[in-house]
Amino acid sequence: MTDTHPKSGQWGHEDPPVDPDRGNGHDHVSGHGHGPGADHDHDHTTGVKGFVLSIFRPHSHDAADSVDSALEASAEGIRAVKTSLVALGVTACAQLIVVLITGSVALLADTIHNFSDALTAIPLWIAFILSRRAPNRRYTYGYGRAEDLAGVFIVAMIALSSTLAAYESIRRLIDPQPITRAWVVLVAGLIGFAGNEFVALYRIRVGNKIGSAALVADGLHARTDGFTSLAVVVGAIGVMVGFPLADPIVGLLITVAILVVLRGASRDIYRRLMDAVDPDLVDAAEAALREVPGVRSVDSVRLRWIGHRMRVETTLTVDNTLGVVQAHAIADEAQHQLIHRVPRLDDATVHVNPSPQPGVDHHAATGHHRAPTPEDTA
């Protein structure tokens with residue numbers, strides 16, 4: 001089934017034009033909606049294990065989030081990026097001051113690392129700005145995908161962090177390096193851990209709130225950097241108690257922790273790029289549509305994320321005796337229900353089919369072009 005009418009983003013709040021040649025019983029309508037939510041799983045692990053897993057794989061019950069528009073969500077994402085950029089910059093500057101005072105070469109690498117990590121927020125900042133641009137004739141869905149592309153870059157940076165951590169730890173095991181002024185290293189490591197964990201908590205909280213997988217991934221990136229600084233702290237303590245190999249050993253353990261974070265972040269970004277959604281969102285959309293008076297059946301429902309906003313395309317069957325105006329009213333109410341029941345809905349396209357009639361094929365011209373739906377392959 002095809003939809004030739006423009007989306008409501010092009011027609012404002014008015015109904016799209018109706019083609020009189022389509023005949024009775026067919027109507028297409030699209031519109032904007034908003035609501036809280038993001039894809040999530042409902043299998044929770046409790047106890048100590050659940051707490052540890054929540055550190056590596058942050059979870060959000062998006063249905064409890066406040067309602068926000070696409071522009072408000074993008075603005076909040078930009079504020080989060082700006083704030084975290086400043087926080088990481090201050091953290092790196094504080095470490096740099098310690099390096100200049102003590103002349104400790106051991107701290108220099110971690111300081112440079114934190115400066116470079118602060119700059120990784122810039123691609124995400126650019127993506128949030130781009131996502132606010134209106135669709136055009138080339139980018140008809142807008143620029144929300146820029147956010148997902150920034151997420152790919154962030155995942156690559158997490159992978160690089162794990163590689164560098166593993167390399168440095170193995171190198172120090174093979175060729176141990178003495179750590180001087182261990183107490184200074186300890187203080188600088190604590191500064192780095194505190195700064196990165198603050199940024200991680202803030203980015204993850206805002207990312208979950210606005211439904212941005214890329215911002216959550218960036219928060220996880222900051223957390224991996226905090227782990228690296230924590231390894232410096234543990235290594236310094238090991239030196240102070242007479243066990244210098246504690247530094248590389250803890251570094252290898254941190255590498256494993258970073259790999260766990262990398263797996264979760266990669267999975268989330270991959271799912272966004274592949275248009276994966278939480279099946280519970282599909283269930284919620286179908287339930288809302290079935291409650292609309294006049295809907296005989298819900299033939300198909302497709303959802304996708306574009307950045308931190310959602311789009312829905314659905315096909316409904318109504319009585320074949322209805323006129324265009326009546327069919328449009330049903331479609332409009334279906335759109336209205338989706339706005340209120342589907343989290344962070346940015347756009348909804350509703351296609352209405354007439355109920356089957358003996359000897360009549362309502363899709364004779366396009367039936368052989370129709371792509372299989374999930375219901376066809378179930």
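Just to be sure before I move on: is V301 open to solvent by less than 50 Å² (accessible area, probe 1.4 Å), assigned to a strand (DSSP E or B) and either of a type in the set (K, R) or in contact with a helix residue (DSSP H, G or I) (Cβ under 8 Å, 6 or more places away or on another chain) (or both) in the structure I sent? When the stated conditions are applied, V301 passes them. Look at region 314-358 and say how many of its residues are over 13 Å from V301 (Cβ atoms) and modelled with pLDDT under 90. Result for region 314-358: 9. Total residues in region 311-336 satisfying the condition of being surrounded by 20 or more Cβ atoms within 10 Å (Cβ to Cβ) and either out of contact with any Asp or Glu (no Cβ under 6 Å at 6 or more places or on another chain) or assigned to a helix (DSSP H, G or I) (or both): the figure is 11. Taken over region 120-170, the residue count meeting the criterion of being within 20 Å of the chain's Cα centre (by Cα) and part of a helix (DSSP H, G or I) is 26. The C-beta contact set for region 138-154 (first residue under 14 Å from D346 (Cβ atoms) and of a type in the set (D, E), second residue open to solvent by 40 Å² or more (accessible area, probe 1.4 Å) and in a helix (DSSP H, G or I), distance under 9 angstrom, 6+ apart or interchain) comprises E147/L130.
The values are calculated or read from the model by the stated rules, or taken from the named source; none is laboratory data. Just so it is clear, the structure is predicted and the values come from calculations on it, not from any experiment. Please note: Cβ atoms are built from the backbone with ideal geometry, for glycine as well, and neighbour counts cover all protein chains shown. The protein model used for the area step is the full one, side chains on, heavy atoms only, and it has no ligands, DNA or RNA in it. Shrake-Rupley method; radii C 1.70, N 1.55, O 1.52, S 1.80 Å.
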